[in-house]
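Scroll down for the structure; my scribbles are underneath it.
The values are calculated or read from the model by the stated rules, or taken from the named source; none is laboratory data. No experiment lies behind these values; they were computed from the predicted model shown. Note that each Cβ is placed from the backbone with ideal geometry, even for glycine, and that neighbours are counted across all protein chains shown. For accessibility, only protein heavy atoms count, side chains too; no ligands or nucleic acids. Shrake-Rupley method; radii C 1.70, N 1.55, O 1.52, S 1.80 Å.
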Amino acid sequence: AQTVTQSQPEMSVQEAETVTLSCTYDTSESNYYLFWYKQPPSRQMILVIRQEAYKQQNATENRFSVNFQKAAKSFSLKISDSQLGDTAMYFCARPGGGGADGLTFGKGTHLIIQP
Amino acid sequence: GAGVSQSPSNKVTEKGKDVELRCDPISGHTALYWYRQSLGQGLEFLIYFQGNSAPDKSGLPSDRFSAERTGGSVSTLTIQRTQQEDSAVYLCASSLDLGGFNEQYFGPGTRLTVT
């Protein structure tokens, strides 16, 4: 079974600080996609950022960036200048967990931004 | 445009009763996915549709679970003879097409409580 591992169940940082959430995964494929999703208390899953494995350049979206280490199968999310609205569960995910492109998710990291 | 909608938002049912959960995907999205989110199991992929077809039903937890999609649009997830372990949030997502690069857009979920 393909797995996605997030080793930090919960993290707490002060507003405006930078925080990094870790994720590792397994795969036998050479090209694939990786995702970070955010789930606030409203339960709405929102795509934060996406990375294509064949692209060596790390994806960035405003304050969000990834550190993608293909050989190590590591895909961490960095949030810069954290804001109160970043408080949420964050899930790392990749397709292939079942059926065509059904996502396999990690257990999630509960990120708390303190004022 | 409108996002993915799900109804009901919350459902409380007695053990042994049948329930139907509904998902309205984004218009024009051919792929639709169902997931289950529970405290014990995290986020699990259940089933996907390409158009009205669900080629792989192996992710459904038991034969009490079934899903259908009609007109390439609305999907219903039916749970027969509900059990307490079915209590979870059921999330639906849609994407423009199959393919790991396609972003999955999630609905707000249905929280099912079996008493």
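Of all residues in segment A:53-107 being more than 14 Å from chain B (Cβ to nearest Cβ) and β-branched (Val, Ile, Thr), which is nearest to A:Arg43 (Cα to Cα)?
A:Thr87
Could you grab me the full set of residues in segment B:66-88 that are open to solvent by 20 Å² or more (accessible area, probe 1.4 Å) and of a type in the set (Lys, Arg)?
Correct list: B:Arg81 only.
Quick one: how many residues across segment B:105-115 are within 12 Å of another protein chain (Cβ to nearest Cβ) and either in contact with a helix residue (DSSP H, G or I) (Cβ under 6 Å, 6 or more places away or on another chain) or open to solvent by less than 30 Å² (accessible area, probe 1.4 Å) (or both)? Outline the logic, then answer.
Start the filter on segment B:105-115 by keeping residues that are within 12 Å of another protein chain (Cβ to nearest Cβ), which leaves B:105-111.
With either in contact with a helix residue (DSSP H, G or I) (Cβ under 6 Å, 6 or more places away or on another chain) or open to solvent by less than 30 Å² (accessible area, probe 1.4 Å) (or both) added as a condition, the list becomes B:106-107, B:109-110.
Counting residues in segment B:105-115 that are within 12 Å of another protein chain (Cβ to nearest Cβ) and either in contact with a helix residue (DSSP H, G or I) (Cβ under 6 Å, 6 or more places away or on another chain) or open to solvent by less than 30 Å² (accessible area, probe 1.4 Å) (or both) gives 4.
If you go through segment A:31-50 one residue at a time, do you hit one that is away from every other protein chain (no Cβ under 14 Å) and open to solvent by 80 Å² or more (accessible area, probe 1.4 Å)?
Within segment A:31-50 (the criterion being away from every other protein chain (no Cβ under 14 Å) and open to solvent by 80 Å² or more (accessible area, probe 1.4 Å)), the answer is no, since none of the residues qualifies.
Report, by residue number, each residue of segment B:89-104 that is open to solvent by 50 Å² or more (accessible area, probe 1.4 Å) and more than 8 Å from chain A (Cβ to nearest Cβ). Break it down into steps so the answer makes sense when it comes.
Residues of segment B:89-104 open to solvent by 50 Å² or more (accessible area, probe 1.4 Å): B:96-97, B:101.
B:Leu96, B:Asp97, listed by residue number.
Restricting attention to segment B:1-50, which residues are within 14 Å of chain A (Cβ to nearest Cβ) and on the phi > 0 side of the Ramachandran plot?
Listed by number, the list holds a single entry, B:Gly42.
When the residues of segment A:14-25 are narrowed to those that are aliphatic (A, V, I, L, M) and in a strand (DSSP E or B), which ends up nearest to the other protein chains (Cβ to nearest Cβ)?
Filtering first and then ranking leaves A:Leu21.
Residues of segment B:4-41 being of a type in the set (Gly, Ala, Ser) and more than 15 Å from the chain's Cα centre (by Cα), which ones?
Of segment B:4-41, the ones of a type in the set (Gly, Ala, Ser) are B:5, B:7, B:9, B:16, B:27-28, B:31, B:38, B:40.
Of everything in segment B:4-41, those that are of a type in the set (Gly, Ala, Ser) and more than 15 Å from the chain's Cα centre (by Cα) turn out to be B:Gly16, B:Ser27, B:Gly28, B:Gly40.
Every residue, every condition in (1) touching an Asp or Glu at 6+ places or on another chain (Cβ under 7 Å); (2) part of a loop (DSSP other than H, G, I, E, B); (3) surrounded by 20 or more Cβ atoms within 10 Å (Cβ to Cβ), yes or no:
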site	(1), (2), (3)
A:Val66	no, no, yes
A:Ser76	no, no, no
A:Tyr90	no, no, yes
A:Thr104	no, no, yes
A:His110	yes, no, no
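Residues of segment B:57-104 being free of Cβ contacts under 8 Å to residues at least 40 places away in the same chain, acidic (Asp, Glu) and either touching a helix residue (DSSP H, G or I) at 6+ places or on another chain (Cβ under 7 Å) or not in a helix (DSSP H, G or I) (or both), which ones?
Passing the criteria: B:Asp63, B:Glu68, B:Glu103.
All but one of (1) within 14 Å of another protein chain (Cβ to nearest Cβ); (2) part of a loop (DSSP other than H, G, I, E, B); (3) hydroxyl-bearing (Ser, Thr, Tyr) hold for A:Ser28, so report the exception by its number.
With respect to (1) within 14 Å of another protein chain (Cβ to nearest Cβ); (2) part of a loop (DSSP other than H, G, I, E, B); (3) hydroxyl-bearing (Ser, Thr, Tyr), A:Ser28 is out only on (1).
Step by step: first the residues of segment A:11-30, then only those that are charged (D, E, K, R) and open to solvent by 70 Å² or more (accessible area, probe 1.4 Å), then the one that is nearest to B:Thr110 (Cα to Cα). Which residue is that?
A:Glu15
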